[in-house]
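Below: the structure, in structure tokens.
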Amino acid sequence: MAPNRRGIPGLMAAMFTAGFLLASSAHAQTDSALPPVQKSGAVEYLSGGIGLEESTAIKGASRHWPLSLVFSVQAAGKAEFASDVKLEIRDAKGVPVLETTASGPFLLAKLPPGSYSLRATLVGKTLERKVQIKAGSSARVELVWPAGTNQGQS
């Protein structure tokens, strides 16, 4: 007696559909965990990362944004995430393109290709960096303040 092969294509199609739906659901959950996109002038950005779900979503989305910033404070041989960082980004001409206060340890920004200077201030201590944004790629900058910077912060 020959095996019934008519059911195999239908089973394969059902398995494919189930896999697709699960992947879509996981993607939708990740997107829904992202903080809202905000706009400052022509620059779209998002900031956050408080909590595992939101930080995981931001890390996953970062490759789709031209600039990814991470804020932390050095503490006992490791870095602890920082928030409430005042950020100013200026273009090559010195014109401010983004001024905001980060609501978490991550900030993603959609900037056009070019050279930018960053000024990030946490509890009165400022770090400065230069960054080059290239078309089709994502630049990541980690800003780490010295130990004790956020002590006494409420």
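The values are calculated or read from the model by the stated rules, or taken from the named source; none is laboratory data. This structure is a prediction, so every number in the text was calculated from the model and none was measured. For accessibility, only protein heavy atoms count, side chains too; no ligands or nucleic acids. Shrake-Rupley method; radii C 1.70, N 1.55, O 1.52, S 1.80 Å.
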Roll a 1.4 Å probe over the protein chains and send me the accessible area per residue for the range 62-154 in Å².
54
The extension gain from Lys39 to Ser137, computed as 0.36 nm times the residue separation minus the Cα-Cα distance, is 33.2 nm
Taking θ as phi - 60°, what are the ³J(HN,Hα) couplings along the range 123-140 by the Karplus curve (6.51, -1.76, 1.60), each to the nearest whole Hz, with x for Gly and Pro?
6, x, 9, 9, 10, 10, 9, 10, 9, 10, 9, 10, 4, x, 9, 10, 9, 10
Past the 22 Å Cα-Cα mark, which pairs from Lys86/Lys134; Lys78/Lys110; Lys86/Lys125; Lys39/Lys125; Lys78/Lys130?
Lys86/Lys134; Lys78/Lys110; Lys39/Lys125; Lys78/Lys130
